[in-house]
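One structure is given below, encoded as structure tokens.
The values are calculated or read from the model by the stated rules, or taken from the named source; none is laboratory data. Quick caveat, the model's predicted, so the values are computed rather than measured. Because the Cβ atoms are built from the backbone with ideal geometry, glycine has one as well, and the counts that use them run over all protein chains shown. These area figures cover heavy atoms from the full protein model, side chains too; ligands, DNA and RNA do not enter into them. Shrake-Rupley method; radii C 1.70, N 1.55, O 1.52, S 1.80 Å.
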Amino acid sequence: MLTILALVLAAPAAAQSDCRLCYSDSGKPGERPLNLEIFADLNFAKLALTGRDGGSAEVDAASGSKRTGGSVMNLGGMAVTGRGHITGEPLKEVRIDLPQSVPMTAPDGGSAELTTFTTDLPSRPTLDANGELTFSFGARLVLRSGHGGNYRGRIPITVEYN
């Protein structure tokens with residue numbers, strides 16, 4: 001099996017052109033290597049904390065809609081689902097794994113967590129006849145304290161042939 005690790009919310013897709021994992025010789029003979037390109041970062045747009053109890057915001061992978069809860073208020077702006085593009089062996093089934101949670105940090109030392117990752121993928125994702133598959137992903141941003149900030153993190157995504 002060939003595994004690829006993409007770090008989202010970090011390096012732009014152009015930096016992935018030098019991916020050493022993407023063209024490993026560990027695949028089966030005649031099998032095209034998998035390649036994952038992230039072309040849109042997950043973005044919750046503008047939020048505000050209205051209290052010190054924390055709260056959450058969620059971006060839905062299928063619709064792109066944003067919901068808030070607790071002491072988090074939606075200030076507008078367009079939330080963006082993360083978007084990925086996989087290429088590989090045509091008509092092959094793939095498995096895409098997202099993490100259980102991802103720590104987020106702000107430049108001023110604040111912390112939050114991404115949880116409950118979702119995708120718009122079918123239960124058995126398969127590359128099309130051209131060996132391509134595009135998908136969206138969303139998550140829930142959890143703020144446990146009343147500390148706002150410009151949070152950033154890296155989302156490791158693993159893609160393998162089934």
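Strands (runs of 3 or more DSSP E) fully within segment 1-72 that include at least 1 residues being modelled with pLDDT of 90 or more and touching a His at 6+ places or on another chain (Cβ under 6 Å): 35-40. When we screen Asp128, Asp108, Asp60, Asp53 for residues that are open to solvent by 30 Å² or more (accessible area, probe 1.4 Å) and within 17 Å of Ala40 (Cβ to Cβ), the only hit is Asp60. I'd like to know if segment 78-101 contains one or more residues that are surrounded by 12 or more Cβ atoms within 10 Å (Cβ to Cβ), at pLDDT 95 or above, farther than 15 Å from Phe135 by Cβ and under 16 Å from the mean Cα position of the chain (by Cα). Looking for residues that are surrounded by 12 or more Cβ atoms within 10 Å (Cβ to Cβ), at pLDDT 95 or above, farther than 15 Å from Phe135 by Cβ and under 16 Å from the mean Cα position of the chain (by Cα), one finds at least one in segment 78-101, hence yes. Can Gly138 be described as surrounded by 15 or more Cβ atoms within 10 Å (Cβ to Cβ), at pLDDT 95 or above, under 23 Å from Glu31 (Cα atoms) and out of contact with any helix residue (DSSP H, G or I) (no Cβ under 6 Å at 6 or more places or on another chain)? No; evaluated as a whole, the condition is false for this residue.
Count of segment 118-142 residues, restricted to those that are in a strand (DSSP E or B) and either touching a Ser or Thr at 6+ places or on another chain (Cβ under 8 Å) or touching a residue at least 40 places away in the same chain (Cβ under 8 Å) (or both), is 13.
Every test in (1) open to solvent by less than 60 Å² (accessible area, probe 1.4 Å); (2) polar (S, T, N, Q); (3) in a strand (DSSP E or B) is passed by Ser145 save one, and that test is (3).
Residues that are closer than 18 Å to Gly153 by Cα and among the β-branched types (Val, Ile, Thr) within segment 34-93 comprise Ile38, Val59, Val80, Thr81, listed in sequence order.
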